[in-house]
Every structure is written in structure tokens, then in C-alpha cells.
Amino acid sequence: MQTQLGKKVIYQIYPKSFYDSNGDGFGDLRGIIEKIPYLAKLNIDMIWFNPFYVSPQNDNGYDIADYRQIDPRFGTMADFEELVAKLKAVNIEVMLDMVLNHCSTEHEWFKKALTGDEKYQKYFYLRPAKADGSLPTNWQSKFGGPAWEKFGDTDLYYLHLFDKTQADLDWHNPDVRQEAFEIVNFWRQKGVKGFRFDVLNVIGKDENLVDSSDPNQEKMLYTDTPVVHQYIKELNEKTFGQDKEIVTVGEMSSTSFPASIKYSDPKEHELAMVFTFHHLKVDYRDGKKWTKMPFDFMALKKCLSDWQIQMDQGGGWNALFWNNHDQPFALNRFGDPQNYRIKSAQMLASTIHFLRGTPFIYMGEELGMIDPTYTSIADYVDVEAKNAYDALLKQGMSPTEAFEIITTKARDNSRTPMHWDATEFAGFSDVKPWLMPTGQAQINVVEELANGQIFNFYQKLIALRKQEPLISDGHFKELFASHPQVFAYERYLTDSPEKLFVFNNFYDKKVTLELPEKIGAGAVLCSNYERTYDQLPKELTLEPYETLAFKTK
Ligand code: TEU
């Protein structure tokens, strides 16, 4: 299974921002259908779609009110079935987002629970206040504020790890698990061949919910509990495990590498791979997202290297990614959009795509898209960012300081409409979009396909992965681990003398490496400076943001 996974590349589409075909300012399924010819150019294997089910959109669709219906703003079930068929016609499979840790408070389950229906009240974590009147536990929502909200006009509270409109489901209840199985199987019947499971590693909260001794520890109280593996094994057995073609990935919030190995080791019969976030928290000061932190390259290297080595040695499998709908663009965090946008975009792409695992490409990444240049908190719409801004002000930060932090970390940064062309709404819509694009004058599909060097670089990386076993199957060994500006590594196979050496200069300064030993004859597989070595020089010079992949014979 992992050999096959190693040859796949998965693209992520945030449907709300991809293409608006009916002029309402929102992206929709028919818009995606219209753009299939563009998607087919990349030669990707699968597309992960963020949720487009019926939802009040308090958390952009991660608050689901009906798991089996397409929200009318995105289209109809017929549109979805057409999308699946037309993508299959160009050899692209569909991966859907399964948000099963929580549902919308508009879902019928929650509504029935509010009417006193005990069956459905058991679907949720309902708890009374403590004797002193304080909330059931001191847990904090990941979107800020307490994780408990009054349950209607009862004296109970319901748990919500995210927004108060997202009520956590109690997976200890076999009825809830059965509902989850039936939802996954419903979409399997529609020809879906991939599932991304939202925050799957927090479904195992203890029955008796207790305070955390340190507000930062509530992640540990309900994260990666042993019972999660039991529930995932059951999910596997009752749904996707019945079809060997199905690809699964679990989003594992605040997880550990040992847990991630267990979730993704084929011998465990749980998931095919996991998203871990250690490498995307190096710019969190003391683990806190809404802080300013200078780029800590050595911390980034260590995360990437530890992740590769531990997962490989443990038998796990990585989802490789820099970007998604929850993250600002990596080009802003780890590259240089102002002075070296193209070179640093290529270098970042190469860094991830030559690693062991399955790469994910977030829409727009293949254009070198970057964060928007908004000027006011009013430009942002995400509940997490707006709550964070208010919290920073409450901490005494000035609006300017608080806004500066929001602009570097907001999830909206990657949710701006796809840049199809240089026009006012980026060719995304004929009307003002739900979130405004900026920067499309320079960065857009028309320009990139005509004159760009990033889209075709991704095409090359994808093609190399499919043809090169060193990339799809090879093991990982870091090189120059202590070097302060180069992330270099070797990919090797135990049954072949061939090796792949990858060098990535993460800075705008030229650097020369003293190669440790004579690296034999070979050929350049990939370079963003048009290198044509047939033998690496003993002293290898890397230009600013240079990436070089060299395969020995
Ligand atoms: O995200 C899980 C999660 O923890 C996010 O809060 C993310 O880590 C954080 O925003 C990074 O700052 C998943 C979905 O990807 C996200 O879009 C949803 O808002 C969240 O779950 C709730 O469903």
C-alpha cells in the first residue's frame, strides 16, 4: 500500500474559493467542473475537497447540518455526481472531508436532543455545571473562550472544542459510531475513493471529563487517547477498509510521532497516512499560535528530519504538505515573496516533494500564491481570527500590534479566491467574492501558464514522483544537519546502489557546501538554476533559494 501511496500526489480544493460559476460570490461544484481541464494539466491522482455539505457556514462548512446533502450554495447532488464522473474520466479520484468529531448545532441530532429526546442527548457531551456553578471543566475552545455552552434552557452544558455552533459528538456511544459508518459508506456508494478525517485524534475524550491542571494540557487530556485507535480500527473495518483502493488521511491535532506511526502503520489497519503539524508550529512562540516569532530554520529542519526518520523507522506514512486551508501560505512563512518569490516557491516545493510520503498541493500553491495584503481586521471573516484579535486586545495589545499578528497567522490567508486572471475579482467571480483576492495582478493562472516557472516546476515534481522509486519508496537520511541555512537529505533504497541527494538553500545568501565524500557520477533530476552536473563538485555552491536534486548512477 505504501508503495502506491508514494507515487500519488493529492491536490486540495477549498470549494468556497475555487471558482464561482453562478455569480453569487461563492465557489461551487459546477465551477470546479469547468476547471477540470486546468486540474488535469498537473497529473494529480486525487483531489481532497473541503466540506460542501449543508452547513450554516459558521466555520466555513466544518459545522455540518446534513452529512448527506450538498449545500445549495455549492450545487446539487447531480452536480457532485457529474464532478466525480468527469474527474474519473481524467484519472482523478475524489477525497471527501469527514467531519465526525462534531456536528452543527443546526443538525437534526442536536435539535432533537434540545427537544429532550434522550437518544440524541446521548450523542453529545452534556454535563452539569460544577457545584460552585463553574463550567463542567476548565477546557478552552481551540477558537478561544470556554469549551462549554449552555444546552438550551436546561441546567446542562454541551462540549464544543471548536466554535459553540460545533457540538462534539460522543464516540463512546455506539449509535454515534454507527452514524459515522453510514455516512462514510453513503459517500463510498457515490464513487468516493478518498477520505480526510477532521481532527480524528480527539474523538476519544474520557467519559468522566475532568479539569486540566494546566490550560495547555487539555490537548493531552483528550488527544491521542488509546481508545481512538479502537474506534479508528472499527471505522476501517466497517467502511473504507472494505475497499483497498480507498486512500485515507487523518488530521491529527497536536499529536505525537509515535501516535502518528500507530495511526498510519498498515499492520494496524487504521489509516493510510496522517497530517501532523510540528513543522508548521515553528513560528508559534511557546506553542501559541497568535504570537510573533522569527523564522527558526533549525527548528524547522529538526521537525522535518525527525518526522521523516521516526515515521520511516516506525512504519508510518506521512502526508507531506506546507499549505492547507488552515495555514497561511508557506511562501510567506518560510520563503521570500518580495525578492525571490519564484525561486523560493520552487525550493519549498522541492523540499517537500522529494521527501518520503504522499505530497498534498493546496490550490494556488502551484502558482506561487501568497497571503493577501489586507489593511483592516474587517477584511478577515474567519471565526478563529476574529476571536483571536479580540483576545489580543483584551490582553492589552494595541490594535496595530494585534492586527500585525492576525495578518501573519489568519486562516483566511489561504482561503482567498483562486487567482484565475488579473481582473478585479481574479476571474473567480463576476461579483464581489465572499473574501477579497489581492495580488492577482502579478500572480494568476493566465500569467503562470503563459510565462510562469512554478506551475511547470510542480508538473515536473509530480512526474518525477511517479517514475522514480527513490522518491516514492526510498528511505531518508539527513545531510549537513547542523548547517544554518541548508536543508539537505539523501534518499536511498536498501536494494540499490543509486542515491538521490537533495539540497535546499532556505536563504537569499549564496552558500558553499564541502561535500563529505565523493558523490559518484549521476545526473541532475531537478534544479531551479538549470544545473547540468554529471558529477557534483566537491565544493557545491548553492545560489539564493537554490534547490538541487541529484541522482547517482
Ligand atoms: O482543523 C483542526 C484544527 O485544530 C484547526 O483549528 C487548526 O489546527 C488551527 O486552525 C490551526 O491554527 C480542522 C479543520 O481543518 C478546520 O478548518 C476546522 O475549523 C476545525 O477542524 C474544526 O472542524
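Using a cut-off of 9 Å between beta-carbons, work out the net charge of the residues near ASP59 (Lys and Arg +1, Asp and Glu -1, ASP59 not included). Once positives and negatives cancel, what remains is -4.
Taking every alpha-carbon pair within region 413-485, the share separated by more than 22 Å comes to 51 percent. The residues of region 474-552 expose on average 44 square angstrom of accessible surface per residue, using a 1.4 Å probe on protein heavy atoms. For region 134-232, the list of GluC sites (Glu not before Pro) that fall in a loop by DSSP and count at most 10 other C-beta atoms within 10 angstrom reads GLU207. Of the accessible area of the chain, computed with a 1.4 Å probe over protein heavy atoms only, carbon and sulfur atoms account for 51 percent.
For LEU156, what is the net charge nearby, where nearby means another residue's Cβ is under 13 Å from its Cβ and Lys, Arg count +1, Asp, Glu -1? Around LEU156, the surrounding residues sum to 0. Per residue, the average separation of C-alpha pairs within less than 8 Å and at least 6 apart gives region 301-423 a relative contact order of 32 percent. Each of TYR489, SER21, PHE80 was placed along the dipole of the chain (beta-carbon charges, centred on the mean Cα), and the one lying farthest toward the positive end is TYR489. Given a cut-off of 36 Å, what percent of all Cα-Cα pairs of the chain lie beyond it? The share of Cα pairs beyond 36 Å in the chain comes to 33 percent.
State in Å² the accessible area per residue of region 108-168; use a 1.4 Å probe, count heavy atoms of protein chains only, and round to the nearest integer. On a per-residue basis, region 108-168 sits at 46 Å². Amide H contacts of LYS499: THR552, each under 5 Å away and 5 or more positions distant or on a separate chain (H built 1.01 Å from N in the peptide plane; Pro and chain starts excluded).
Taken as Cα centroids, region 151-214 and region 1-42 sit 27 Å apart, rounded to the nearest whole angstrom. Considering only the chain, what is the antiparallel percent among its DSSP beta bridges, to the nearest 5? If we restrict to bridges inside the chain, about 60 percent are antiparallel. Its Cα centre serving as origin, region 1-147 has a Cβ charge dipole (Lys and Arg +1, Asp and Glu -1) of approximately 440 debye.
In terms of the Cα gyration tensor, with a ≥ b ≥ c the square roots of its eigenvalues, is region 474-552 rounded because a/c is under 1.5, prolate because a/b exceeds b/c, or oblate? It is prolate, given that a/c is not under 1.5 and a/b is the larger ratio.
Could you state the accessible area per residue of region 296-417 in Å², with a 1.4 Å probe and every protein chain left in place?
On the way: 3570 Å² over 122 residues.
Heavy-atom SASA per residue in region 296-417 reads 29 Å².
Region 324-356 and region 241-294 have Cα centres lying 20 Å from one another.
Would you mind classifying region 108-168 by shape? Square roots of the alpha carbon gyration tensor eigenvalues, ordered a ≥ b ≥ c; an a/c under 1.5 is rounded, otherwise it is prolate if a/b is larger than b/c and oblate if not. Oblate shape, in that a/c is at least 1.5 and b/c is the bigger or equal ratio. The relative contact order of the chain comes to 13 percent, based on Cα pairs under 8 Å that sit 6 or more residues apart.
Look at the alpha carbon pairs under 8 Å that are at least 6 residues apart: their mean separation over the length of region 474-552 gives a relative contact order of 31 percent. Under 5 Å from the amide H of ASN318 lie the amide H atoms of THR358, each residue being 5 or more positions distant or on a separate chain, with H modelled from the backbone and absent for Pro and chain starts.
In terms of distances greater than 25 angstrom between alpha carbons, the cross-link table entries LYS35/LYS233; LYS164/LYS292; LYS409/LYS466; LYS86/LYS233; LYS301/LYS386; LYS7/LYS477 yield LYS35/LYS233; LYS164/LYS292; LYS409/LYS466; LYS86/LYS233; LYS301/LYS386. A DSSP coil position with no more than 12 other Cβ atoms inside 10 Å describes the following trypsin sites (Lys or Arg not before Pro) in region 207-287: LYS244.
Cα centroids of region 110-132 and region 451-507: 52 Å apart. Rounded to the nearest 20, the Cβ-based charge dipole of the chain about its Cα centre (Lys and Arg +1, Asp and Glu -1) stands at 1240 debye.
The values are calculated or read from the model by the stated rules, or taken from the named source; none is laboratory data. Every value quoted in this text rests on a predicted model; they were computed, and no experiment measured them. Cβ: placed from backbone, ideal geometry, glycine included. Neighbour counts: every protein chain shown. Just so you know, the surface numbers come from the protein's heavy atoms only, side chains and all, with ligands and any DNA or RNA stripped out. Shrake-Rupley method; radii C 1.70, N 1.55, O 1.52, S 1.80 Å.
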